[in-house]
Amino acid sequence: MMKWEYEFGEELARTCPFGLRCPVPGMGWILLGTLGALVVAPIAIPAVKKAGKAIAKTAVKGGIVAYEGSKELVSEAKAELAASRPEV
């Protein structure tokens, strides 16, 4: 039993960053990732927001152009159908 506890403790020491001992395996990496996210977030959020705004604006413009084009196509098709309809 003692050997397993020693090996488990050694495994914990290997999985923690900077050789520190962690009570939960992988906890050090989670804390390190959280700290990194807190540092990077103020830089990344405005950049993503700016890019997202440009993408959304382009998508809306493209949708409007497609709507106008289909509207024109439907009106032309209606005119052709009306012209080809036989008189009774």
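General observations
- A full extension of the chain between residue 81 and residue 32 corresponds to an added length of 10.8 nm, given 0.36 nm per residue minus the alpha carbon distance.
- Each principal axis of the Cα cloud of segment 28-68 was evaluated for its coordinate range; sorted largest first, these ranges are 56, 15, 6 Å.
No value in this document is a laboratory result; all are computed from the given coordinates. Bear in mind the structure is a predicted one, so any value in this text is a computation, not a measurement.
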